Amino acid sequence: MLSKEEIEKGLHTQWAGRNMICLESTDSTNVQVKHLAQRGAAHGTVVVAESQSAGRGRLGRKWESPAGSNLYFSLLLRENIVPQKASMLTLVMGLALQEAIEQVCGIETKIKWPNDIVLDGRKIAGILTEMYFKEDNSAYVIIGTGVNVKAQDFVPQLENKAAFLENTCKEPVSREALLAKILECFEGKVALFIKTMDFSLLRQSYNEVLVNCGREVRVLDPAGEYTGTAQGINEEGELLVRRPDGTVEKVYAGEVSVRGVYGYV
Ligand code: BT5
């Protein structure tokens, strides 16, 4: 079982995870944080679970969440929420994950815009950001993150799609230390984000670890699919994609997925 004590021992944050709830199993940690938020839970509340029976991905997709080997957690944000900018928080969490994985496991992962962390072309972590409005029209945001740590009893259909930290790291990964580091990295990065309410201060480091940069991508836009070359993100966190005719599209993270032309990355 994940140990709350261990997580808190390694936690060097001011607010992220200062209210931490560890569950053995749940439907979805995002759903649990939403219930807590409705009852007034504090900014920075985290719910972490050993397993999820209804782990969610984006656009109604599923997140496989077997017990005992991975990280599934959600973080509640109630302060400094600007609804039009909320989707950028996914990118902030992506950067935090990339950095924390490197610091704790010594593994260099990449970000696949907007919400995947990849290792050797396979998905090692995913992020689901959801926003809700209260009756007074103020908003809160829930950032849910799943990180694959150990390939144990995993679903066969993800065999060629999913990556696991321990397959590369070789040594056992402390999920407690990793979660504490992710929250610390997130707190630092979100402070930079809030300073300008855009990616001015984070864009360069983001583009350095963006797997899409310079690659041919297929943009799955509900308004119509197209292909082009990804150029990196701009200060609004949009992915710049140059079409064959030279025009540059700004892809907004909301409802869009991006795939490699020849595969997932
Ligand atoms: C995501 O969606 O990547 C967001 C995943 C967020 C999961 C966390 S866990 C804690 C919190 N509580 C929740 O209920 N959710 C959040 P998306 O980009 O739509 O990717 C989903 C797709 O990834 C699926 O359709 C599968 O193809 C693949 N997939 C599912 N489970 C996976 C896993 N464990 N590892 C790698 N790929 C997976």
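The values are calculated or read from the model by the stated rules, or taken from the named source; none is laboratory data. These numbers were taken from a predicted model, which means no experiment stands behind them. In this analysis, Cβ positions are derived from the backbone assuming ideal geometry, glycine residues included, and neighbour counts consider all displayed protein chains.
Quick check: is even one residue across region 204-214 at pLDDT below 95 and surrounded by fewer than 16 Cβ atoms within 10 Å (Cβ to Cβ)?
yes
Could you check region 3-85 for strands (runs of 3 or more DSSP E) lying wholly inside it with 1 or more residues that are more than 10 Å from the ligand (Cβ to nearest atom) and in contact with a Gly (Cβ under 8 Å, 6 or more places away or on another chain)?
46-52, 71-77
Using the structure shown, decide if G126 is touching a Leu at 6+ places or on another chain (Cβ under 6 Å) and part of a strand (DSSP E or B).
no
Residue by residue through region 111-152, note down the ones that are charged (D, E, K, R) and touching a Gly at 6+ places or on another chain (Cβ under 9 Å).
Of everything in region 111-152, those that are charged (D, E, K, R) and touching a Gly at 6+ places or on another chain (Cβ under 9 Å) turn out to be K112, D116, E130, K150.
Considering only region 70-90, state which residues are over 18 Å from the mean Cα position of the chain (by Cα) and either under 18 Å from G188 (Cβ atoms) or surrounded by 19 or more Cβ atoms within 10 Å (Cβ to Cβ) (or both).
E79, N80
If only one of E187, E235, E159, E166 is in contact with a Cys (Cβ under 9 Å, 6 or more places away or on another chain) and of a type in the set (D, E), which one is it? Even if it seems obvious, please write down each step before you answer.
Working: E187 fails: in contact with a Cys (Cβ under 9 Å, 6 or more places away or on another chain); E235 fails: in contact with a Cys (Cβ under 9 Å, 6 or more places away or on another chain); E159 fails: in contact with a Cys (Cβ under 9 Å, 6 or more places away or on another chain).
E166 is the lone residue from the list that is in contact with a Cys (Cβ under 9 Å, 6 or more places away or on another chain) and of a type in the set (D, E).
Run down A41, A37 and say which single residue is over 14 Å from E130 (Cα atoms) and touching a residue at least 12 places away in the same chain (Cβ under 8 Å).
The match here is A41.
Checking the structure you have, find out if any residue of region 159-175 is of a type in the set (S, T, N, Q), surrounded by fewer than 17 Cβ atoms within 10 Å (Cβ to Cβ) and either part of a loop (DSSP other than H, G, I, E, B) or within 19 Å of the chain's Cα centre (by Cα) (or both).
yes
What residue, of V147, V141, V118, is more than 12 Å from the ligand (Cβ to nearest atom), of a type outside the set (D, E), under 18 Å from the mean Cα position of the chain (by Cα) and surrounded by 17 or more Cβ atoms within 10 Å (Cβ to Cβ)?
Sole residue among the options that is more than 12 Å from the ligand (Cβ to nearest atom), of a type outside the set (D, E), under 18 Å from the mean Cα position of the chain (by Cα) and surrounded by 17 or more Cβ atoms within 10 Å (Cβ to Cβ): V141.
Can you pull out every residue in region 103-115 that is within 13 Å of the ligand (Cβ to nearest atom) and among the β-branched types (V, I, T)?
Hits for region 103-115 are T109, I111.
Please enumerate the residues belonging to region 108-131 that are within 20 Å of L76 (Cβ to Cβ) and among the hydroxyl-bearing types (S, T, Y).
Going through region 108-131, the residues within 20 Å of L76 (Cβ to Cβ) turn out to be 115, 125-131.
Of everything in region 108-131, just one residue is within 20 Å of L76 (Cβ to Cβ) and among the hydroxyl-bearing types (S, T, Y), namely T129.
For (1) out of contact with any Ser or Thr (no Cβ under 6 Å at 6 or more places or on another chain); (2) crowded, with 16+ Cβ neighbours inside 10 Å; (3) within 15 Å of Y132 (Cα to Cα); (4) free of Cβ contacts under 8 Å to residues at least 60 places away in the same chain, each residue gets a yes or a no:
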{"site": "M1", "(1), (2), (3), (4)": "yes, no, no, yes"}
{"site": "G10", "(1), (2), (3), (4)": "yes, yes, no, no"}
{"site": "R18", "(1), (2), (3), (4)": "yes, no, no, yes"}
{"site": "I21", "(1), (2), (3), (4)": "yes, yes, no, yes"}
{"site": "S51", "(1), (2), (3), (4)": "no, yes, no, yes"}
{"site": "G55", "(1), (2), (3), (4)": "no, yes, no, no"}
{"site": "L59", "(1), (2), (3), (4)": "yes, no, no, no"}
{"site": "K62", "(1), (2), (3), (4)": "yes, no, no, yes"}
